[in-house]
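Encoded as structure tokens, the structure appears first; notes follow it.
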Amino acid sequence: QVHLVESGGGLVQAGGSLSLSCAASGSILSINRMGWYRQAPGKPRELVATITNGGTTNYGDSVKGRFTISRDNARNTVYLQMNSLKPEDTAVYYCLGLGLTDGYWGQGTQVTVSS
């Protein structure tokens, strides 16, 4: 079992920045990729960014060039730096840990961008 705890959400004005963190604990050796998804009210959950253990990254089209995902393997933590935030970035952001056969979600953290 893997336990993921997100932190760092909040309220920011459009054009501002926020940083999210996700700390993993438990059977973390089973995880080979971590990332972030988000879900706005009335919309499906969508990819924000993922990063493999080797550091390969993948981004959703709507955040490319504005968001950066990184990880600290020693701390078992993944980060999401969000710049040039837009009101349409408002959503609950969920941390995801993926293994070969299992996936784990964090509880989510709210990000609200005011116009």
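The values are calculated or read from the model by the stated rules, or taken from the named source; none is laboratory data. None of the values given here were measured: they were computed from a predicted structure. Positions of Cβ are generated from backbone atoms using ideal geometry, with glycine treated the same way; all protein chains shown enter the neighbour counts. We work out accessible area using only protein heavy atoms, side chains counted, and drop any ligands, DNA or RNA first. Shrake-Rupley method; radii C 1.70, N 1.55, O 1.52, S 1.80 Å.
Residue count for region 59-78 satisfying the condition of being surrounded by 14 or more Cβ atoms within 10 Å (Cβ to Cβ) and within 18 Å of Pro44 (Cα to Cα): 4.
There is at least one residue in region 16-38 that is farther than 19 Å from Gly106 by Cβ and at pLDDT 95 or above.
Filtered by the rule that a residue be touching a residue at least 40 places away in the same chain (Cβ under 8 Å), among the hydroxyl-bearing types (Ser, Thr, Tyr) and open to solvent by 50 Å² or more (accessible area, probe 1.4 Å), region 5-58 gives Ser7, Ser17, Ser19, Ser25, Ser30, Tyr37.
Scanning region 13-33 for residues that are in a strand (DSSP E or B), over 17 Å from the mean Cα position of the chain (by Cα) and under 23 Å from Asp89 (Cα atoms) returns a single hit, Gln13.
Residue pairs whose Cβ atoms lie under 9 Å apart, sitting 6 or more positions apart in sequence or on different chains, and linking a residue in region 79-97 that is closer than 22 Å to Gly42 by Cα to a partner that is of a type in the set (Asp, Glu), are Ala91/Glu46; Tyr93/Glu6; Tyr94/Glu6; Cys95/Glu6. From the list Ser84, Ser114, the one residue that fits, being in contact with a helix residue (DSSP H, G or I) (Cβ under 8 Å, 6 or more places away or on another chain) and farther than 28 Å from Leu29 by Cβ, is Ser114.
When every residue of region 61-73 is checked against the conditions, at least one turns out to be modelled with pLDDT of 95 or more and among the acidic types (Asp, Glu).
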